[in-house]
1. Contour minus end-to-end for residue 100 and residue 71, with contour as 0.36 nm per residue of separation and end-to-end as the Cα-Cα distance?
2. Any idea how far apart residue 22 and residue 5 come out in nm if each label point goes 7 Å out from Cα toward Cβ?
3. May I ask which residue of 150, 113, 90 lies farthest towards the positive end of the charge dipole of the chain, with charges of +1 (Lys, Arg) and -1 (Asp, Glu) on Cβ and the Cα centre as origin?
4. For the stretch 22-154, with only Lys/Arg (+1) and Asp/Glu (-1) charged at the beta-carbon, what is the dipole magnitude about the Cα centre, in debye rounded to 20?
5. With θ taken as phi - 60° and the coefficients 6.51, -1.76 and 1.60, list the Karplus ³J(HN,Hα) couplings across the stretch 67-74 in order, rounded to whole Hz; mark glycine and proline as x.
6. Once Lys and Arg get +1 and Asp and Glu get -1 on their Cβ, which of 23, 80, 130 lies farthest toward the positive end of the dipole of the chain?
7. Whole Å is fine, so just give me how far the alpha carbon centre of the stretch 1-34 lies from that of the stretch 68-119.
8. When the helices in the chain are scored as -39500 (n - 2.57) per DSSP H run of 4 or longer and the sum is shared across all residues, what 222 nm value do you end up with, to the nearest 500 deg cm²/dmol?
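The values are calculated or read from the model by the stated rules, or taken from the named source; none is laboratory data. Since we're looking at a predicted model, the values are computed, not measured. Cβ sites come from the backbone with ideal geometry, for glycine too, and all protein chains shown count toward neighbours. For the accessible areas, the whole protein counts, side chains as well, though only heavy atoms, and no ligand, DNA or RNA atoms are used. Shrake-Rupley method; radii C 1.70, N 1.55, O 1.52, S 1.80 Å.
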Amino acid sequence: MSSRSERIMEEFNKLKNCKCISIVKCEFINGDMNNWEVHFEGSPTTAYEDGIFKVKVHLPDNFPNERPYIYFITKMFHPNINPTTGLVSLNLMYQWIPTRTIEAVFFGFIEVMENPKVGRGGGEPAKLLAESRVKFFEKVREYTMQFAMNDDDE
């Protein structure tokens with residue numbers, strides 16, 4: 001097994017067995033080590049509580065030297081998640097270093113889910129967040145209830 005494959009397996013198993021993130025499912029898509037599907041539970045006492053959030057992790061051929069790409073499959077209302085593609089946009093992704101783990105990326109975007117910041121872009125979610133955090137999280141809760149609380153594999 002190549003060192004890249006070993007790194008991917010190590011990353012995969014570390015995320016799958018992570019005790020700090022409530023991972024419900026973590027598997028390769030069609031047996032492809034470069035594409036994973038991960039489902040995780042929303043954090044208790046947040047607008048994401050009781051939701052199951054589905055994401056796709058894509059590892060480029062040059063991983064770990066090139067950053068992974070993470071896309072939400074579950075429709076999200078968030079300024080750091082592209083509403084069309086689901087692509088997660090975080091500083092830690094753009095400031096990628098090869099020693100950073102995918103588990104650390106998950107911690108990062110869970111933190112940003114729960115504590116969003118208004119930055120560049122972000123469309124309607126950024127505008128609502130700037131106007132009212134309460135209304136923003138009410139909308140997030142609506143999305144959680146509508147898109148993350150069923151068992152469908154959309």
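1. Taking residue 100 through residue 71 to full extension adds about 8.6 nm, to one decimal.
2. 3.6 nm
3. 90
4. 640 debye
5. 5, x, 10, 10, 10, 6, 7, 5
6. After comparing all options, I get 130.
7. If you average the Cα positions of each part, the centres end up 18 Å apart.
8. -11000 deg cm²/dmol
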